[in-house]
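Here is the structure we will look at, set down as structure tokens.
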Amino acid sequence: MEADPDPGAAATATATAGRRPPRARKFPEGPAPDPAGSHFERRIRSFQPRRSRVTPGQADALRRLWPLWGFDIDGQRTLDPAAMFEGRPVVLEIGFGMGEATAQMAAADPDTGILAVDVHTPGQGNLLGLAERAGLRNLRVANGDAIILLRAMLPPASLDGLRVFFPDPWPKKRHHKRRLIQPEFLSLAAGVLKPGALLHCATDWEPYAEQMLEVLTAHPDYANTLPDGGYAPRPAFRPLTRFEGQGMDKGHRVHDLLFCRVER
Ligand SMILES: C[S@@+](CC[C@H](N)C(=O)[O-])C[C@H]1O[C@@H](n2cnc3c(N)ncnc32)[C@H](O)[C@@H]1O
């Protein structure tokens, strides 16, 4: 289990330097509102803050379980993913939403450690509650921007897989730069993935699926696991996610992409 840093100290330093005043913490022992604070430059973000309510059950899970299974992405320390999961292979999931599919996949594969990242506080509480009820011992929940986790906190070749299921599609052209799956992101991820690691993406937004296939196919660090170089049939091990269900209700077609990190 990771010891949380003292976010209060970081916030005080920020305020002293005359920058933004610290935001009050809703969950003093839980996820911090802006865990990396001013340590990283403001950059284009792939997520938008959502102001959905934290239910009493989620709040209870955050209070009790965050100190055990949660940590903030503060960008200030290097993690040892294998040690976090007692030597198990480790798969990172970026953007778990409410976490139902994450908890199901963790339960189905107890010999793999799941490092699940999102910025969404209700989802973090929901996933912690699901993990407790299912008796999971192979899940950790990270709060903050996955880009900072990849850039500053994970050692090279430390992950056995990466999952990005239904990332925000950012449909407007002027927002395309916010999409996660881009060449720079793929290069960053390639640095922390072990050779042979599986990168699994899924989306119900056709233009984003096309972009994913194009940038992944062009990237020298990845190879399509499909012999025909196209989309993968939905693997049986990926449960239906909440966003996927909503997309399917709208008649969207879902695409899975299964690429492998190759050694150069
Ligand atoms: C459209 S939702 C999909 C959630 C879930 N995978 C599903 O299919 O139901 C995308 C999620 O990714 C999260 N997200 C986007 N960019 C992120 C980032 N850079 N770091 C952490 N989480 C991110 C958002 O907060 C959001 O919860």
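The values are calculated or read from the model by the stated rules, or taken from the named source; none is laboratory data. Since this is a predicted model, take the numbers as computed values, not measurements. Please note: Cβ atoms are built from the backbone with ideal geometry, for glycine as well, and neighbour counts cover all protein chains shown.
Across segment 206-249, the qualifying residues are those that are over 21 Å from the mean Cα position of the chain (by Cα) and touching a residue at least 40 places away in the same chain (Cβ under 8 Å), and the one among them that is farthest from Val192 (Cα to Cα) is Met248.
Note on segment 120-165: residues that are more than 9 Å from the ligand (Cβ to nearest atom), part of a loop (DSSP other than H, G, I, E, B) and among the charged types (D, E, K, R) total 1. The residue that is farthest from the ligand (Cβ to nearest atom), among those in segment 65-102 that are more than 30 Å from Pro28 (Cβ to Cβ) and part of a loop (DSSP other than H, G, I, E, B), is Gly87. The residues listed here are Phe27, Phe85; of these, the one that is in contact (Cβ under 8 Å) with a residue 24 or more places away in the chain, farther than 24 Å from Arg238 by Cβ, in contact with a Leu (Cβ under 9 Å, 6 or more places away or on another chain) and not acidic (Asp, Glu) is Phe27. Among the residues of segment 166-184, those identified as surrounded by 20 or more Cβ atoms within 10 Å (Cβ to Cβ) and either near the ligand (Cβ under 10 Å from one of its atoms) or without any contact (Cβ under 8 Å) to a residue 24 or more places away in the chain (or both) are Phe166, Pro167, Pro169, Arg179, Leu180. As a summary of the residue check, Arg25 satisfies the conditions (1) away from the ligand (no atom under 14 Å from the Cβ); (2) modelled with pLDDT of 70 or more; (3) closer than 29 Å to Pro171 by Cα except for the one numbered (3). When each of Arg261, Arg238 is tested for being within 16 Å of the ligand (Cβ to nearest atom) and either surrounded by 13 or more Cβ atoms within 10 Å (Cβ to Cβ) or within 18 Å of Ile94 (Cα to Cα) (or both), the lone residue that passes is Arg238.
Examine segment 185-197 for a residue that is surrounded by fewer than 19 Cβ atoms within 10 Å (Cβ to Cβ), more than 14 Å from the ligand (Cβ to nearest atom) and at positive phi, and state whether such a residue exists. Within segment 185-197 (the criterion being surrounded by fewer than 19 Cβ atoms within 10 Å (Cβ to Cβ), more than 14 Å from the ligand (Cβ to nearest atom) and at positive phi), the answer is yes, since at least one residue qualifies. Taking (1) of a type outside the set (A, V, I, L, M); (2) in a loop (DSSP other than H, G, I, E, B); (3) more than 20 Å from Trp170 (Cβ to Cβ); (4) at pLDDT 95 or above in turn, His252 satisfies each apart from (3). Take the conditions surrounded by 12 or more Cβ atoms within 10 Å (Cβ to Cβ), touching a residue at least 24 places away in the same chain (Cβ under 8 Å), over 14 Å from Leu154 (Cα atoms) and not aromatic (Phe, Trp, Tyr) and apply them to Arg53. Does it pass? So Arg53 does not fit the description; no.
Can you tell me which residue among Ala82, Ala9 is modelled with pLDDT of 95 or more and among the small types (Gly, Ala, Ser)? Answer to the selection: Ala82.
Residues checked against (1) part of a loop (DSSP other than H, G, I, E, B); (2) modelled with pLDDT of 95 or more; (3) not β-branched (Val, Ile, Thr):
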position: Pro167; (1), (2), (3): yes, yes, yes
position: Ala189; (1), (2), (3): no, yes, yes
position: Thr217; (1), (2), (3): no, yes, no
position: Asp228; (1), (2), (3): yes, yes, yes
position: Phe237; (1), (2), (3): yes, yes, yes
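Against the criterion of being farther than 25 Å from Asp34 by Cα, within 16 Å of the ligand (Cβ to nearest atom) and not small (Gly, Ala, Ser), Met105 qualifies.
Filter segment 108-119 for residues that are within 12 Å of the ligand (Cβ to nearest atom) and part of a loop (DSSP other than H, G, I, E, B) and give the result.
Val119
Arg20 passes every criterion in (1) loosely packed, with under 15 Cβ neighbours inside 10 Å; (2) of a type outside the set (Gly, Ala, Ser); (3) modelled with pLDDT of 65 or more; (4) over 27 Å from Ala82 (Cα atoms) apart from (3). Scanning segment 157-180 for residues that are among the aliphatic types (A, V, I, L, M) and more than 22 Å from His252 (Cα to Cα) returns Ala157, Leu159, Leu162.
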